[in-house]
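K.L.:
I'd like to ask you about the structure that follows.
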Amino acid sequence: MITQEQLKEAVERKDALKRYLDVDNKKIQIEEEELRTHVPDFWEHPKEAQAQMKKIKDLQAWVNGYAEVETAVEELQNGWDFIKEELVTEEELDAMYADAIGKIEALELRNMLRREEDHMGVVLKINSGAGGTESQDWASMLMRMYLRYCEKHGYKTSIANLLEGDEAGIKSCTINVEGDFAYGYLKSENGVHRLVRVSPYNAQGKRMTSFASVFVTPLVDDAIEVKVEPALMSWDTFRSGGAGGQNVNKVESGVRLRYQYTDPYTGEKEEILIENTETRDQPKNRENALRHLRSILYEKELAHRMEEQAKVEAGKMKIEWGSQIRSYVFDDRRVKDHRTNFQTSDVNGVMDGDLDGFIKAYLMEFSGNEA
């Protein structure tokens, strides 16, 4: 059964959240922002109107989140009083405590996500490393892991592009993830993921090491201004591969976008290549490819900001884009993050999308460096 100290701590964390989030002020803000929606010509400017409605929705999400915490802690306090009268069992009280702490930690974690881009969705790209079938199988396992994580957290996902492996697995895939704070949480996954296991593809049953890289960029919406030069774009079309559908390999619905990018800070030139086969509709695939391009350009600007900040904070630990971040050792029943030293023996849970422990450890350690 929980102790009185644990109950006291839960109440104190609830009260602290109310101060950090400035809940009372947010309620006043909501009333003021809602008044702006009552003007007669509000919907005559759809883009501005949608931005205003989103602002209200974001404020309301914080107020609702705190209300859930407040209710859970009040139920816990009542449960503590009722247990003396045997109206509540110890098991029920422990369950109330677990529920309250879970809600508190979730809101505390979200409160760490203060950067402009944290509230956005995600473009998540997985590339298999060298090693053929073994690495391609590992890439497909990571794809499943992230899809399961998104499913558990209520995020909407779509496969923008998928290149299957020669014998098994995938060579690469691009997943669009839509949902509040998806980027804020999944940015911790950016880097190289290392697998160590006894390979099912090795006849001698040897222990094999495989690598796959994960690239995470914010999924830019129409409210974010990103400059794209049409003169620097060129398009190709191709036939989408894959099983099923009468127009597969007959209609050129797949699109390939090439963008000749020049870094405004360094003058370096590069060609950004994006392929999209998400739908059987070529115009829709063009639209999705453009959205992906805008996300990449936005991410490049963010990367520049991070580099500038790193120069100022030279004494702080720096996370290098593309560095090896995590090892998954199957036969030792261990998954370890090398940046935070957080590890777990629940390999099956991790591969089934249970990444919250890793994400929380990352945000606890590095969110202060991003502020």
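K.L.:
Please determine whether any residue of segment 102-115 is at pLDDT below 95, among the acidic types (Asp, Glu) and assigned to a helix (DSSP H, G or I).
P.N.:
Yes, that holds for at least one residue.
K.L.:
How many residues does segment 197-215 hold that are open to solvent by 10 Å² or more (accessible area, probe 1.4 Å) and either closer than 15 Å to ARG333 by Cα or not aromatic (Phe, Trp, Tyr) (or both)? Lay out the reasoning, then the answer.
P.N.:
Of all residues in segment 197-215, those open to solvent by 10 Å² or more (accessible area, probe 1.4 Å) come to 197-198, 200-209, 211, 213, 215.
Now restrict to residues that are either closer than 15 Å to ARG333 by Cα or not aromatic (Phe, Trp, Tyr) (or both): 197-198, 200, 202-209, 213.
Here the count works out to 12.
K.L.:
Give LYS47, LYS55 a once-over and let me know the one that is over 30 Å from ILE2 (Cβ atoms), open to solvent by 100 Å² or more (accessible area, probe 1.4 Å), at pLDDT below 95 and of a type in the set (Lys, Arg). Break it down stepwise before answering.
P.N.:
Working: LYS55 fails: open to solvent by 100 Å² or more (accessible area, probe 1.4 Å).
Checking each option against the conditions leaves just LYS47.
K.L.:
Still on this structure, I have one more. Does segment 15-29 contain any residue that is open to solvent by 70 Å² or more (accessible area, probe 1.4 Å) and more than 29 Å from ASP118 (Cβ to Cβ)?
P.N.:
no
K.L.:
Another question, then. Restricted to segment 146-170, and to residues that are charged (D, E, K, R) and in contact with an Asp or Glu (Cβ under 7 Å, 6 or more places away or on another chain), which residue is surrounded by the most Cβ atoms within 10 Å (Cβ to Cβ)?
P.N.:
In the first step, residues of segment 146-170 are kept if they are charged (D, E, K, R); the result is 148, 151-152, 156, 164, 166-167.
Of the ones still in play, those that are also in contact with an Asp or Glu (Cβ under 7 Å, 6 or more places away or on another chain) are 148, 156.
Details: ARG148: 15, LYS156: 12.
So the residue we want is ARG148.
K.L.:
Let me ask something else about it. When you go through GLU271, GLU301, GLU225 one by one, which is the residue that is at pLDDT 80 or above, closer than 30 Å to MET53 by Cα and open to solvent by 50 Å² or more (accessible area, probe 1.4 Å)? Explain how you work it out, then say what you get.
P.N.:
Working: GLU271 fails: closer than 30 Å to MET53 by Cα; GLU225 fails: at pLDDT 80 or above.
After ruling out the rest, the residue left standing is GLU301.
K.L.:
Give the residues of segment 93-144 that are of a type in the set (Gly, Ala, Ser), open to solvent by less than 40 Å² (accessible area, probe 1.4 Å) and in contact (Cβ under 8 Å) with a residue 60 or more places away in the chain, sorted by residue number.
P.N.:
ALA100, GLY121, SER128, GLY129, SER135, ALA139
K.L.:
Failed condition for ILE56, given (1) more than 25 Å from ASP118 (Cα to Cα); (2) assigned to a helix (DSSP H, G or I); (3) not aromatic (Phe, Trp, Tyr), with all others met?
P.N.:
In the conditions (1) more than 25 Å from ASP118 (Cα to Cα); (2) assigned to a helix (DSSP H, G or I); (3) not aromatic (Phe, Trp, Tyr), ILE56 misses (1) alone.
K.L.:
Looking at PHE181, is it of a type in the set (Phe, Trp, Tyr), touching a residue at least 60 places away in the same chain (Cβ under 8 Å), open to solvent by 10 Å² or more (accessible area, probe 1.4 Å) and closer than 20 Å to LEU163 by Cβ?
P.N.:
Criteria not met by PHE181.
Residues are listed down the side, and each one gets a yes or a no for (1) at pLDDT below 90; (2) more than 28 Å from the chain's Cα centre (by Cα):
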residue: MET208; (1), (2): yes, yes
residue: PHE211; (1), (2): no, no
residue: PRO218; (1), (2): yes, no
residue: PRO230; (1), (2): no, yes
residue: ASP236; (1), (2): no, yes
residue: GLY242; (1), (2): yes, no
residue: GLY245; (1), (2): yes, yes
residue: LEU257; (1), (2): no, no
residue: LEU293; (1), (2): no, no
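K.L.:
Same structure again: Quick one: which residue in GLU74, GLU70 is at pLDDT 95 or above and within 27 Å of PHE358 (Cα to Cα)?
P.N.:
Details: GLU74 fails: within 27 Å of PHE358 (Cα to Cα).
It is GLU70.
K.L.:
Please go through segment 137-158 and pick out each residue that is closer than 15 Å to PHE215 by Cα and over 15 Å from the mean Cα position of the chain (by Cα).
P.N.:
The answer is ALA139, SER140.
The values are calculated or read from the model by the stated rules, or taken from the named source; none is laboratory data. Quick caveat, the model's predicted, so the values are computed rather than measured. Quick reminder, even Gly has a Cβ in these numbers, built from the backbone with ideal geometry, and neighbours come from all protein chains shown. Side chains included, ligands, DNA and RNA excluded: accessible areas come from the protein's heavy atoms. Shrake-Rupley method; radii C 1.70, N 1.55, O 1.52, S 1.80 Å.
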